[in-house]
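Structure record follows, encoded as structure tokens.
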Amino acid sequence: MSVHFEAEYTVAVAGLVTWDARLTLPLVLAAGSAHAVLIPVVEQQRQVLFGLYFLAMTGVFALGVVRIGIWRLGAVLFPAGSIAGYFYFAAIAHQADWIGLAVKVVEAVGFVAALSGLLRNRAPQGRRTLA
């Protein structure tokens, strides 16, 4: 597998403008936006997949904004699938690109942030004692 620089993919960097490593929701929005801006420069099959991914991440973002708890599960599963799909594609095509890898880093950071929040919310609470 080799890594290439695809100049037409640099538009994905515009989608990362909302990146703030301290919050999960901006990472979710950044990952979805990075895929959305690539729609015009990829082939039709990936246009459909990137469009669906953008819609899914926008939905996760919206659920998070209105504080519906399932959003964290989407913020874990969608990026995990995207990262796995990217590396499968890179292995089959024997190439990856630097912009794609940067987007995967953003997705991975969002995945870790969402997973840690999900695990923190699921952790058993200590017993309360009368003091």
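The values are calculated or read from the model by the stated rules, or taken from the named source; none is laboratory data. All values reported here derive from a predicted model rather than from experimental measurement. Here the Cβ positions follow ideal geometry from the backbone for every residue, glycine too, while neighbour counts run over all protein chains shown. Calculation scope for accessible area: heavy atoms of the full protein, side chains included, ligands and nucleic acids excluded. Shrake-Rupley method; radii C 1.70, N 1.55, O 1.52, S 1.80 Å.
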Worksheet item: If you check Thr129 against the conditions, is it of a type in the set (S, T, N, Q), more than 19 Å from Thr10 (Cα to Cα) and at pLDDT 85 or above?
Response: no
Pairing a residue in segment 81-94 that is more than 20 Å from Ala56 (Cα to Cα) with any residue that is open to solvent by less than 40 Å² (accessible area, probe 1.4 Å), where Cβ atoms lie under 7 Å and the two sit 6 or more apart in sequence or on different chains, gives Ala90/Ala96
Taking first residues from segment 44-60 that are under 18 Å from Ile70 (Cα atoms) and second residues anywhere that are open to solvent by 80 Å² or more (accessible area, probe 1.4 Å) and in a helix (DSSP H, G or I), the pairs with Cβ under 8 Å that are 6 or more apart or on different chains are Tyr53/Phe78; Ala56/Phe78; Met57/Phe78; Val60/Phe78
Here the residues within segment 43-68 that are at pLDDT 90 or above and not in a helix (DSSP H, G or I) are Glu43
Within segment 72-84, the count of residues that are open to solvent by 30 Å² or more (accessible area, probe 1.4 Å) and touching a helix residue (DSSP H, G or I) at 6+ places or on another chain (Cβ under 8 Å) comes to 5
Of the residues in segment 86-105, those that are aliphatic (A, V, I, L, M) and not in a helix (DSSP H, G or I) come to Ala96
### Query
Is there a residue in segment 33-46 that is under 26 Å from Arg120 (Cβ atoms) and either crowded, with 21+ Cβ neighbours inside 10 Å or of a type in the set (Phe, Trp, Tyr) (or both)?
no
Given (1) at pLDDT below 75; (2) within 27 Å of Leu115 (Cβ to Cβ); (3) out of contact with any Gly (no Cβ under 8 Å at 6 or more places or on another chain), Val11 misses just (2)
